[in-house]
1. From the residues in the range 246-268 that are out of contact with any Phe, Trp or Tyr (no Cβ under 6 Å at 6 or more places or on another chain) and among the β-branched types (Val, Ile, Thr), which one is surrounded by the fewest Cβ atoms within 10 Å (Cβ to Cβ)?
2. Residue by residue through the range 250-267, note down the ones that are among the charged types (D, E, K, R) and more than 22 Å from Ala468 (Cα to Cα).
3. So Ala328 passes all but one of these: (1) in contact with a helix residue (DSSP H, G or I) (Cβ under 7 Å, 6 or more places away or on another chain); (2) of a type in the set (A, V, I, L, M); (3) more than 25 Å from Gly478 (Cβ to Cβ). Which condition number does it fail?
4. Can you pull out every residue in the range 407-427 that is touching a strand residue (DSSP E or B) at 6+ places or on another chain (Cβ under 8 Å) and modelled with pLDDT of 90 or more?
5. With the requirement that a residue be of a type in the set (A, V, I, L, M) and buried (at least 18 other Cβ atoms within 10 Å of the Cβ), what does the range 143-185 give you?
6. Quick one: which residue in Ala288, Ala356 is hydrophobic (A, V, I, L, M, F, W, C), at pLDDT 95 or above and within 30 Å of Glu216 (Cβ to Cβ)?
7. Would you kindly identify the strands (runs of 3 or more DSSP E) lying entirely within the range 362-474 that contain at least 2 residues that are over 23 Å from the mean Cα position of the chain (by Cα) and over 29 Å from Gly235 (Cβ atoms)?
8. Go through the range 202-252 and count every residue that is within 21 Å of Gly128 (Cα to Cα), assigned to a strand (DSSP E or B) and small (Gly, Ala, Ser).
Amino acid sequence: MRFFLPFIPVLAAGLIGVAATTTHGADFIPDAVLRVTEETRKQSCVPEKDILVVNGTSPGPALRFTEGQTVWIRVYNDIATQNLTMHWHGLTMATAPFSDGTPQAAQWPIPPFHFFDYELYVPIGFAGTYFYHSHVGLQAISATGPLIIEDKDKPPYHYDDDLIVFLQDVFPDTDEFIEHALLAVPMEYERAQEMVLINGKGGGIVSSDGSRCNDELSVIDVEPGKTYRLRLIGGTGLSFDILAIEGHETLQVIEAEGAYTDKFATHVMQVSPGQRFSFLIDTLKKPAKQYYYIQLESREFGPPTRSFAVLNYGPPSTDKTPKVYPPATDPITLPPTDPYWLEYSLRPYNNTKHPAASHNALDFPTAEEVTRRVNITSHLDIPGGGLLYTINGQTWNEGLVHEPYLVSLYKDGGSNWPSMERALQHDGLDPVTYAFPADIGEVIEIVVQGTGSAGGGTETHPWHAHGAHYWDLGSGEGVYNREENEARWRSSIGHPIRRDTTNLYMYGGKSPNGTLSAWRAWRLRIDHPGVWMIHCHLLPHMVWGMNSAWVMGNQTEVLSLIDRPGVEGYLTFGGSVVGNETHPPEVVEYFPLSDWEDGTVGNEQP
């Protein structure tokens, strides 16, 4: 891993201490407003049912901001019977850890008919492709949308325009029905997504019986002879997807999850839930027809789904443009999953002409700097026919801790703050507070280790880390061996890059119960005080407990970020949100997770 990456100064403010103290009064106007409601809708290829929508649509509106700015987004929970949060997937949230949107970790959930003002600061050097989604239950299936951070200066690559390709799963049943069935003992929901939508529409082969769904497709307008940046967002909750574009064989990857990379040519893209990539395409100078299909297929979980969208070389599409439907025959033959796609191949972008875009090439921690290794060992148990994931022997869900860690810190100095002494005796996890502590200044090697389930199987898991992005060290079968992996990097064309979502693959799909079957390794400098989740981004797996809470920094270091005028309105209102005004705590109405699961509604003061 000893590739020479010259130091490039980034002419920007640092991560810590840049957000100004702000108090929101009655005349405060946020930079954006998102209202989440539950409405009856007909989505592609599934029956009409109740879904969550953001500002009336799913996916919700694309938010675009510029790096180096502090913005405030007001999120209203207009759902009568459910709590809500909003997570800004991939953003570091270093200056506002209480705005990360994680229930029971960073905040109380927003109760019905209340709002919450989220503070977002994106440092220079983190321009890229992100998305937002609720972090409660299965709400992220539809309560989600694109979040694009624009470059403050000229981007490092030329393109004439940029386009969004946002992927979503759709199911024939409501979120509440699915979650209740997933948590039943024995488990009662064993179906995959029915269709994968591209920008809210889709059609093709459904997963339930292999029949064809002839619903309308999304149309993406392009012009001949131009270069486009396509931002591919894995907003799915279950499906692992592969896609390619008819007639456009060369896709140049230039970004992975907010980090620019050297160009890397591929003819297909793979994306799992939570991942994002940007790639460049050169459109045809003399297209032979108006429409070229984008073909997408799901892999890994359940029967395959096949879906389509189109690149439109004709007049720009309008409401009066004739609708486009799936092709009668598939224009592309897509390959099987490649667990080594882009592995050990990408390199961080590094060019003195674009110092901000080169930020993620800086300060890679070498093996000699590592102070501690922490194993995240996951296992799927099947007690009584129900499904339950453990991480280092513990299961973490929204009802586990008595109050969010940051709320506890603000109220009484952190009565549920984890103990490093206890954690070091239990492979990094404090079993009393159910959290992994880390000290500022450490350099940690995190090894996500998969095991054979109680049923003898393995699955692919997209592991996502909140907070600081990690340097991804790759993956493999069996047990992680640092020396072998270092040698592999030395013989590869790539160099570790910063990521926030990478896959632990299933490989053969079978392994004896409890046997270490596969690994993913990361390296992380602990420099972001806060409480951050690290979890599998498959929504059913999160419901089954495949989550971990990480408390980075001591009480003083974290409190320094949140103990400022205006923050009390966030942390003491039980998820109610009176903006960012400072008020004495009040009693608010919110629905405990246990009551929601039972289908009942009750009041409780957190």
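1. Thr250
2. Residue satisfying the conditions is Lys263 alone.
3. Here Ala328 clears every test but (1).
4. Answer for the range 407-427, where residues must be touching a strand residue (DSSP E or B) at 6+ places or on another chain (Cβ under 8 Å) and modelled with pLDDT of 90 or more: Trp417, Pro418, Ser419, Met420, Arg422, Ala423, Asp427.
5. Selection gives Ala143, Leu147, Ile148, Ile149, Ile164, Val165, Leu167, Val170, Ile178, Leu182, Leu183.
6. Residue meeting the stated conditions: Ala288.
7. Numbers: elements: 372-381, 388-391, 435-438, 443-451, 461-465.
It comes to 372-381.
8. Number satisfying all stated conditions: 1.
The values are calculated or read from the model by the stated rules, or taken from the named source; none is laboratory data. None of these values were measured; they are calculated from a predicted model. As a convention, Cβ positions derive from the backbone with ideal geometry for all residues, glycine included, and neighbour counts pool all protein chains shown.
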